[in-house]
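Inspection log for the structure reproduced underneath, given as structure tokens.
The values are calculated or read from the model by the stated rules, or taken from the named source; none is laboratory data. It should be emphasised that the depicted structure is a prediction, and the values quoted were computed from it without experimental measurement. Glycine gets a Cβ as well: all are built from the backbone with ideal geometry, and neighbour counts include every protein chain shown. Ligands, DNA and RNA are stripped out before the accessible areas are found, and what is left, the full protein with its side chains, is counted by its heavy atoms. Shrake-Rupley method; radii C 1.70, N 1.55, O 1.52, S 1.80 Å.
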Amino acid sequence: MIAYDREKGLLTIHTKNSTYQMKTDKYGVLLHTYYGRRADGDMSYLFMMEDRGFSGSIYDARADRTYSLDQLPQEYPSSGTGDFRSPALIIEGKNGAAGCDLRFDSCKIREGKYALEGLPAVYADAGEDRAQTLEIHMKDRYSKLEVVLLYGVLPELDIITRSAVIQNLNDEGIVVQRALSASLDFLTGEFDLITFHGRHGMERQLERQRVNHSAHVIGSRRGMSSHQYNPLMILADKECCEEHGSCYAMEFVYSGGFFGLSERDQYDQTRMQMGMMDEKFSYPLAKGESLILPEVILSYSGEGLTRLSQNLQDCLRLHVCRGRYRDSVRPVLLNSWEACYMNFDGEKILGLAREAASLGIDMLVLDDGWFENRNDDNGGLGDWLVDEKKLGTTLGELIRDIHEAGVRFGIWMEPEMVSEDSALYREHRDWAMRLPGREPVLGRNQLVLDLSRKEVVDYLFDRICGILDQGEVDYLKWDYNRSISDVYSHGAELQGKVLYDYMLGLYSLLERLLERYPDLLIEGCSGGGGRFDAGMLYYTPQIWCSDNTDAIDRLKIQYGTSFGYPMSSIGAHVSAVPNEQNGRITALWTRGVVAMTGGFGYELDPGLLSDGEKKEIREQVALWKKHAALIMEGKYYRLSSPFDDALCAWSFVSRDQEEVILNVVCLETHCNMPGIYVRLRGLKSGAMYSDTAGGGVYSSGALMEAGYPVPRPEGEYIALQRHFKIVH
Ligand code: GLA
């Protein structure tokens, strides 16, 4: 619920368990009074006005030296106002002066959640979950610049979104040098910062560190959200753990470069920020033009990190993901990549499809290597002509045969890229991002197409439709296998706009495709999970989580991913052993348990398996299908950490608490080991749960307090899965 007390200048947002408050002071400055556990009243009593050395005062305050924006908590701090902490907004006038002094002008409250033109955003109609929007109009008192701060509220999920629109009404024009989407100031608290760093094949590794007197900056200057840092930051009380304590999240609904910061200032106050990366960003606005900032999702939990993740997971699953697959169970896939890489013909693919059908798998995905000039990953991108010679048939016929074999069909593309050796590049060198007068930087021997240009987006739309229209295609794996390094558009005069305009181009392309193929399931991918973000989830409800399919490495990757993303969005497959990425050997059952965490599938050649292994796979597929709805929609609990503990355990609990799946992978085995117990969480208090495989009946109290005993692991990486149901 949003409330405006005009007299006091107080703007208060209440969600079910949190309160977020701002106050316009006597000078019209919008201060941030509070964010945290639900509270009432005017929280500006928390401000301590003191004369602080070297902290400037705005001109209005003159001799009142206790008034300084350098120490007051602000809603949207801009550079040039005497606040020397990290600004959210840097605006440069024509004369090069960077000043912008925003003051409150007016505000509006309306039902339903705002949308952002051209950008992905959390959605909720008026009346849906009591969602509301707050618009605060701020004006620079000297220039004709207006900033509209936007807040979307989903009260039941304790979610508040933030975005802003920067509008220039100034004849001379301005340049936006930095425009972050959210900035939060905390007057009190000692925090840890939790971030998710990584690399190709090892994405979203959790790191927790104390926020001390320095700026901690994460981000990406790669034109993509990146493997290296995920656009998700959590500030947690230093005592906060999974079950207790206060914590705050910022999650970016954007797939381009980003900037995230936490900083403890000279008075032990903490600032947290997130928005677009400002390097190689400089966005001119002529009179009448505006810039819409991508959205940041905020959430607060006073009940620890699990609750915070559940808020974000529910928000993304139900209010960011769209289309038919938002709510329906995803098909089980057999992907050709690790099965045969690019060494195949049509017969081989059809053989895989037949094997898939016999195992109960729903869909065959034809990965990379099906188009002309693509027998290795050095060429072929851009033209998208089916290699009928290699396939020995047309794509349409192959699709038809695959359907006849009893499975559906999906295909891989990497639309945003071009190889030097392609007709497209020979004809339109200027459609690739490259610096003029220099050889381009290559990544996987390919260049990035300039999606800031409309003609490039139109070309790609036609090429993709040209492929999808060759048969009944139900799934598209949308890959993206390099970062943007040569930021230069040959179609633009103003290069500081290119990276943002690229994202608008990409989003418009995906939107057009979804309009034309509303039932198409697109799975996002970027060398695995290099573009695993809430922006992509708006178009692709599932993302290939990592190129690393080793079950044990995946435990950490999926654990880190679970902090901000719904399990239904995680693409996870069982692959062959020794694992292709790290050589590790794990049992087929362990690989199955780890992959049964999200969008499930296989990435191997079933033809190379023994009858016993095929039987086990048939059972795994049946098991996943049986529990798929619970896995996709249930509440997810992290029961231990693969980073700290000798085992990794997690569970899914149905919304009505009737059913639970417990999963455990033992990471250590020793002689004469002490007993291992896993404490369950989220069960119905006072209920009795029975192990549906006949293992016994247990009280929820004991399962949550003392735990469930895990049999001593007889070997490495033993996995266990139990399914419990309430006894009535
Ligand atoms: C990327 C993807 C893989 C596979 C290959 C194909 O690395 O993440 O899953 O599709 O490209 O080239």
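Observations on the model:
- Against the conditions (1) out of contact with any Leu (no Cβ under 9 Å at 6 or more places or on another chain); (2) surrounded by fewer than 24 Cβ atoms within 10 Å (Cβ to Cβ), residue 546 satisfies every one except (2).
- Condition check for residue 687 on (1) open to solvent by less than 60 Å² (accessible area, probe 1.4 Å); (2) under 28 Å from residue 204 (Cα atoms); (3) touching a strand residue (DSSP E or B) at 6+ places or on another chain (Cβ under 7 Å): one failure, at (2).
- Of the residues making up segment 116-134, those that are buried (at least 16 other Cβ atoms within 10 Å of the Cβ) and at pLDDT 95 or above are 116, 119, 120, 121, 122, 123, 124, 131, 132, 133, 134.
- Subset of segment 361-373 (residues that are farther than 17 Å from residue 474 by Cα and away from the ligand (no atom under 13 Å from the Cβ)): 372, 373
- Picking from residues in segment 326-370 that are open to solvent by 10 Å² or more (accessible area, probe 1.4 Å) and under 30 Å from residue 129 (Cα atoms), the one that is nearest to the chain's Cα centre (by Cα) is 326.
- Applying the condition of being among the β-branched types (Val, Ile, Thr) and in the same structural domain as residue 560 (by TED's automatic domain parsing) to segment 321-362 and asking which residue is farthest from residue 242 (Cα to Cα) yields 349.
Every residue, every condition in (1) among the polar types (S, T, N, Q); (2) in contact (Cβ under 8 Å) with a residue 24 or more places away in the chain, yes or no:
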site: 85; (1), (2): no, yes
site: 89; (1), (2): no, yes
site: 102; (1), (2): no, yes
site: 106; (1), (2): yes, yes
site: 114; (1), (2): no, yes
site: 128; (1), (2): no, no
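- Only residues that are of a type in the set (Asp, Glu) and either touching a residue at least 40 places away in the same chain (Cβ under 8 Å) or touching a Pro at 6+ places or on another chain (Cβ under 7 Å) (or both) were counted in segment 427-453, giving 2.
- Selection count, segment 51-79, where residues are open to solvent by 60 Å² or more (accessible area, probe 1.4 Å) and more than 41 Å from the chain's Cα centre (by Cα): 5
- Residue that is nearest to the ligand (Cβ to nearest atom) [pool: residues in segment 452-482 that are in a helix (DSSP H, G or I) and open to solvent by 30 Å² or more (accessible area, probe 1.4 Å)]: 463
- Selection over segment 651-678 of residues that are at pLDDT below 95 and of a type in the set (Lys, Arg) gives a count of 0.
- Against the test of being assigned by TED's automatic domain parsing to the domain that holds residue 514 and on the phi > 0 side of the Ramachandran plot, the options 406, 466 yield a single qualifying residue, 406.
- Scanning segment 551-577 for residues that are farther than 12 Å from residue 317 by Cα and either touching a Gly at 6+ places or on another chain (Cβ under 8 Å) or within 14 Å of the ligand (Cβ to nearest atom) (or both) yields 553, 554, 557, 558, 560, 561, 571, 572, 573, 574, 575.
For (1) part of a helix (DSSP H, G or I); (2) touching a strand residue (DSSP E or B) at 6+ places or on another chain (Cβ under 9 Å), each residue gets a yes or a no:
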residue	(1), (2)
498	yes, no
502	yes, yes
508	yes, no
511	yes, no
515	yes, no
518	no, no
535	yes, yes
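- Matching helices (runs of 4 or more DSSP H) fully within segment 335-420 where at least 1 residues are under 29 Å from residue 619 (Cβ atoms): 337-340, 346-359, 395-405
- Number of the condition not met by residue 580 [criteria: (1) within 14 Å of the ligand (Cβ to nearest atom); (2) surrounded by 22 or more Cβ atoms within 10 Å (Cβ to Cβ); (3) more than 22 Å from the chain's Cα centre (by Cα)]: (2)
- Selection from segment 275-310 of residues that are more than 19 Å from residue 504 (Cβ to Cβ) and either of a type in the set (A, V, I, L, M) or open to solvent by less than 10 Å² (accessible area, probe 1.4 Å) (or both): 297, 298, 299, 300, 301, 304, 305, 306, 308, 309
- Looking across 489, 508, one residue alone is away from the ligand (no atom under 16 Å from the Cβ), open to solvent by less than 10 Å² (accessible area, probe 1.4 Å), modelled with pLDDT of 95 or more and in the same structural domain as residue 530 (by TED's automatic domain parsing). It is 489.
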